[in-house]
Amino acid sequence: MSIETAWSDRFGDSLMKSMGSPFALLTRGDGCYVWDESGKQYLDFLAGIAVNSLGHAHPAFVEAVSHQSATLAHVSNYFTTSPQLELAERLKRITGAGAEGRVYFGNSGAEANEAAFKLARLNRRGSDRHRILAVHDSFHGRTMGALALTGKPALRDAFEPMPSGVEHIDSTIEALERSIDSSVSALILEPIKGEAGVVELPEGFLVRARELTAQHDVLLILDEIQTGAGRTGSWFAFEQFGIVPDAVTMAKGMGGGFPIGALVTFGWASELFQRGMHGSTFGGNPLATAVANAVLAEIESAGLVHNAAARGEEIMRIIRDIDSPHVAEVRGRGLLIGVGLTRPIAAAVSSAALDAGLIVNAANDSSIRIAPPLIVGDDEVRLFAERFRMALDAVPSA
Ligand SMILES: *Cc1c(COP(=O)(O)O)cnc(C)c1O
């Protein structure tokens, strides 16, 4: 039996059927590169779906995992630790939540959004607020609360009934104006829809959402699980839209590959959770928070937020300059980039990219998502240009 048959059979025999077939068995990574079991090298321009902010095996990540696991890995929530306090203070600073900010730690994006869902339920300001608004085609996670918020019926249908009260509206200013009133507790939005293929909300949408939510005491919760931690060229994408939310959720890039998520509240939203209302055994443990501190400190000291902005521009320009009949448009900010294709051939393009030694992803039938580590430099950008062109050329025109 070849090695390949061996691992794909073992996967099929033992992993839950909810998992799609993996493209390869990877054995190691270094910087922006990973290798599979045959020794083939790939340029990783997906970074574990916007997770590996510092790439693979970065010394700051390795040092933080090693040192903290050799010092104190886990305590219960009956105790606090210095890494936990430091990370909470750091998140208040980089979100701009400031002195009134409060931080809840979980272990994933879905858990951060579950906390946000409970936060929404706690907003009873002035009336019985039984409605939570989200938008069509949004993605907020796979657990029941996060799934109820997710605007993709295909993901929800098998699991009905959902937790009640969530309504999905169109991503239009008219829909906002029609839907927001004092029966709404919260509006949750991705500032840029990542799983939808890196799609922005219409011009002025977030500003109008902020005005209307403030006017009606509705919480504006931003899901920055994919866009946060510097990826879009600012610490958080909301900064680029000139608004301040009442709460923001984050996960993916903040741990650089170590599982961690957080909900940060601003202003009056920090008063909603009371003692005993929420918790997590692993959430905020010293190992996870020490690693997130190291990752975020490295992003800051190495100027990677700026690098994300500059390299993102460069990569988007390169893709726009590729003369391919397949490319319809290039979307995104910083290092979260979507390539809209002229036909539903995203799977063929990502598979041709893999053949060419490049990892990108088919976010949907006709969109390629590109989300490299924030450390990308000249060499990686040049190699990306070469391999992405090769992949596009390998897919036949209609
Ligand atoms: C990935 C993602 C989630 C879910 O995060 P998990 O860690 O997979 O639970 C939620 N919202 C957005 C915007 C995401 O990109």
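The values are calculated or read from the model by the stated rules, or taken from the named source; none is laboratory data. All values reported here derive from a predicted model rather than from experimental measurement. Here the Cβ is made from the backbone with ideal geometry for all residues, glycine too, and neighbour counts use every protein chain on show.
Just need a number here: residues in region 217-250 that are on the phi > 0 side of the Ramachandran plot and within 11 Å of the ligand (Cβ to nearest atom).
Pass one, region 217-250, residues on the phi > 0 side of the Ramachandran plot: 217, 229-230, 233, 242.
Of the ones still in play, those that are also within 11 Å of the ligand (Cβ to nearest atom) are none.
Qualifying residue count for the region: 0.
Output the residue which, of all residues in region 55-80 that are surrounded by fewer than 20 Cβ atoms within 10 Å (Cβ to Cβ), of a type outside the set (A, V, I, L, M, F, W, C) and in contact (Cβ under 8 Å) with a residue 12 or more places away in the chain, is nearest to residue 304 (Cα to Cα).
Residues of region 55-80 that are surrounded by fewer than 20 Cβ atoms within 10 Å (Cβ to Cβ), as a first pass: 57, 59-60, 62-63, 65-67, 69-80.
Filter once more, keeping what is of a type outside the set (A, V, I, L, M, F, W, C): 59, 63, 66-67, 69, 71, 74, 76-78, 80.
Going one step further and asking which of them are in contact (Cβ under 8 Å) with a residue 12 or more places away in the chain, we end up with 63, 67, 69, 71, 74, 76-77.
Numbers: 63: 19, 67: 23, 69: 26, 71: 28, 74: 29, 76: 33, 77: 32 Å.
Here the answer is 63.
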All but one of (1) more than 24 Å from residue 227 (Cα to Cα); (2) in a helix (DSSP H, G or I); (3) hydrophobic (A, V, I, L, M, F, W, C) hold for residue 398; state the number of the condition that does not hold. (2)
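Every residue, every condition in (1) more than 23 Å from the chain's Cα centre (by Cα); (2) farther than 30 Å from residue 185 by Cβ, yes or no:
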position: 283; (1), (2): no, no
position: 313; (1), (2): no, yes
position: 318; (1), (2): yes, yes
position: 321; (1), (2): yes, yes
position: 324; (1), (2): yes, yes
position: 327; (1), (2): yes, yes
position: 330; (1), (2): no, yes
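Tell me which residues, restricted to region 46-60, are within 13 Å of the ligand (Cβ to nearest atom) and not in a loop (DSSP other than H, G, I, E, B).
Start the filter on region 46-60 by keeping residues that are within 13 Å of the ligand (Cβ to nearest atom), which leaves 46-51.
The answer is 47, 48, 49, 50.
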Which numbered condition in (1) crowded, with 19+ Cβ neighbours inside 10 Å; (2) in contact with a helix residue (DSSP H, G or I) (Cβ under 9 Å, 6 or more places away or on another chain) is the only one that residue 34 fails? (2)
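Before we move on, is residue 184 buried (at least 20 other Cβ atoms within 10 Å of the Cβ), away from the ligand (no atom under 16 Å from the Cβ), in contact (Cβ under 8 Å) with a residue 12 or more places away in the chain and under 27 Å from residue 124 (Cβ atoms)?
Numbers: buried (at least 20 other Cβ atoms within 10 Å of the Cβ): yes; away from the ligand (no atom under 16 Å from the Cβ): yes; in contact (Cβ under 8 Å) with a residue 12 or more places away in the chain: yes; under 27 Å from residue 124 (Cβ atoms): yes.
Yes; evaluated as a whole, the condition is true for this residue.
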Pairs, first surrounded by fewer than 17 Cβ atoms within 10 Å (Cβ to Cβ) in region 161-181, second assigned to a loop (DSSP other than H, G, I, E, B) and modelled with pLDDT of 95 or more, C-beta under 8 Å, six or more apart: 170/136; 172/202; 181/216
Cβ-Cβ under 6 Å, sequence separation 6+ or interchain: first residue in region 98-120 and among the aromatic types (Phe, Trp, Tyr), partner at pLDDT 95 or above and assigned to a strand (DSSP E or B). Which pairs? 104/263; 105/262
